[in-house]
Each structure stands twice: as C-alpha cells, then as structure tokens.
Amino acid sequence: ICPGAAALGATSMLDVSDGLLQDLGHVAEASEVGIVLLPGAFAVPAPLAEAAERLGTDPLGWILSGGDDHALAATFPQSVRLPPEWAVVGRVESGKGVQVSGRSMAYEGWDHFRE
C-alpha cells in the first residue's frame with residue numbers, strides 16, 4: 001500500500017496506532033491545516049455498538065481515540081482517485097486541528113510521554 005500511495009501522490013502518511021484523532025492531530029498541526037472527519041465513514045461493529053449502548057456512550061469516540069489499530073492514514077490531492085483498498089474518512093481544509101460533526105476534538109489517544 002505504501003509504494004502505491006506514494007505513486008498516487010500522497011502528501012502525508014502515518015500509522016494510526018496511537019489513535020486516529022491524536023495521529024491526525026499531529027498531521028494537522030505540522031501542516032498548519034484543519035482535518036474534518038466524516039463520522040458516517042466509520043463502520044461500528046455490532047459488539048462495539050452493543051457495549052457502547054450498555055455503557056451509555058458513543059462508540060465513535062472509541063473508534064477515533066483507540067490505539068493499536070495498525071492502519072495507515074494518508075492525505076492525497078483532491079483530484080486523486082483512490083483504489084478500493086483506501087477509504088475516504090475525511091478531508092483537509094483551511095483551519096486548525098481535527099473536527100468531527102462540526103466540533104473540534106481533543107487529540108485523545110495514546111501518549112507515550114504521559115504518566
């Protein structure tokens with residue numbers, strides 16, 4: 001996937017093992033842009049949805065801030081047509097930070113330097 005992403009013109013790429021919000025927050029900060037995530041782009045597995053319902057919470061928070069996903073996130077020019085193995089989960093815009101459903105999100109995730 002990595003050589004293919006480079007050939008397609010990826011402008012950034014990183015693993016999201018520390019949580020999607022936190023890792024995309026690093027991209028947004030370093031690139032001085034905003035990233036808007038599309039909540040509907042994330043499938044919620046039935047067991048996760050059931051656990052969240054029992055605990056009275058939104059499973060999307062777990063999906064966006066959980067770590068050890070061993071997946072990659074990349075940014076591409078808007079004109080690039082992505083192959084089916086890549087899913088569009090958001091877009092880059094002017095601004096700062098990461099937003100979901102119009103709300104700025106804290107960069108929650110695993111922080112190696114937190115005690």
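The values are calculated or read from the model by the stated rules, or taken from the named source; none is laboratory data. The shown structure was predicted, so the numbers you read here are calculated from the model rather than taken from an experiment. Glycine also receives a Cβ, built like all others from the backbone with ideal geometry; neighbour counts cover every protein chain displayed. These area figures cover heavy atoms from the full protein model, side chains too; ligands, DNA and RNA do not enter into them. Shrake-Rupley method; radii C 1.70, N 1.55, O 1.52, S 1.80 Å.
Applying D = kT/(6 pi eta Rh) to the range 21-83, where Rh is the Kirkwood radius over alpha-carbon pairs, T corresponds to 20 °C and eta to 1.002 mPa s, the Stokes-Einstein value obtained is 155 µm²/s.
For the chain, the fraction of 1.4 Å probe accessible surface lying on carbon and sulfur atoms is 55 percent. Amide H contacts for residue 95 (H built 1.01 Å from N in the peptide plane; partners 5 or more residues away or on another chain; cut-off under 5 Å): 34.
Between 0 and 90 degrees, the angle of helix 46-55 with respect to the longest Cα principal axis of the chain falls at about 50 degrees.
Distant-in-sequence amide contacts of residue 76, defined by a placed amide H-H separation under 5 Å and a gap of 5 or more residues or a different chain, comprise 11.
Rolling a 1.4 Å probe over the heavy atoms of the protein chains gives the chain an accessible area of 66 Å² per residue. For the range 1-107, a crude dipole built from +1 on the beta carbon of Lys and Arg and -1 on the beta carbon of Asp and Glu, taken about the Cα centre, is about 340 debye to the nearest 20. Taking every DSSP beta bridge with both residues inside the chain, roughly what % is antiparallel (nearest 5)? Given both bridge residues lie in the chain, the antiparallel proportion sits at roughly 75 percent.
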